[in-house]
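The values are calculated or read from the model by the stated rules, or taken from the named source; none is laboratory data. Every value quoted in this text rests on a predicted model; they were computed, and no experiment measured them. Every residue, glycine among them, receives a Cβ derived from its backbone with ideal geometry; neighbour counts consider all protein chains shown. Just the protein is used for accessible areas: all its heavy atoms, side chains included, with ligands, DNA and RNA removed. Shrake-Rupley method; radii C 1.70, N 1.55, O 1.52, S 1.80 Å.
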Amino acid sequence: NARVRNILQLALGRGRVPHALLFCGPRGVGKRATARVLAQALNCTVRMDDACGACASCLAVVNVYEDKAAKTVKIGTHPDVIEYEIDVKKEKTSISIEQIRDLKAMAYLKPMLGRKRVFIVDDADTMVDDAANSILKVLEEPPLHTHIILISDNPALILPTIKSRCQILPFLPVSDEDVEKALAERGVDPERARIMALVVR
């Protein structure tokens, strides 16, 4: 998805990253990973136009840690980068109104350590109606220091009023060539990488 990367890098370079983004496309094409890299770039202490991936801020966004209370392994210890997802531990099937209320309450607070507060909402198309209506307010009038990234495999299920307030960035399926290249970079024999790319497809 070089096109999406180029758009975001250009926006970062100009200091004009939209406050509300919708990453949509099939599952497994890197939407959430891209959201995390963008969160790193918005708070990187070394670069302004990209994530260095090595400073304390960048590393905190992708730190893996064990949440012993929830008995899960999570990603991210940066206090200004917050991810929301369906709470499968509580047998939930959607993003709840409580999660969106939490997002709204924190969106108006100033960043604790970084330059920006970044909220990543995975499976945004599962928001219950109350949650979808509740998030509209912050999307309409986002604080200058806040960015909200919605992620969806099925954007047709997202309210038009939400989509109209977001910059929509479609992610395309990963090509055979990209899969082959990624495998080769990991030391897989070129011929084997070509065959594996076709099998994955």
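Observations
- Selected residue (criterion: modelled with the lowest pLDDT) from residues of segment 174-194 that are of a type in the set (Asp, Glu) and open to solvent by less than 70 Å² (accessible area, probe 1.4 Å): ASP176
- Segment 143-173, residues that are assigned to a loop (DSSP other than H, G, I, E, B) and either crowded, with 18+ Cβ neighbours inside 10 Å or of a type in the set (Ser, Thr, Tyr) (or both): HIS145, ASP153, ILE158, SER164, ARG165, CYS166, PHE171
- Scanning segment 89-105 for residues being out of contact with any Asp or Glu (no Cβ under 9 Å at 6 or more places or on another chain) and in contact (Cβ under 8 Å) with a residue 24 or more places away in the chain gives a total of 4.
- Scanning segment 112-133 for residues that are of a type outside the set (A, V, I, L, M) and either farther than 20 Å from THR45 by Cα or in contact (Cβ under 8 Å) with a residue 60 or more places away in the chain (or both) returns GLY114, ARG115, LYS116, ASP122, ASP123, ASP125, THR126, ASP129, ASP130, ASN133.
- Applying a threshold of 7 Å to beta carbon distances and a minimum spacing of six or more residues, or different chains, the list of pairs starting in segment 10-34 at a residue that is within 21 Å of THR146 (Cβ to Cβ) and ending at one that is among the acidic types (Asp, Glu) and open to solvent by less than 50 Å² (accessible area, probe 1.4 Å) reads LEU12/ASP50; ARG32/ASP122.
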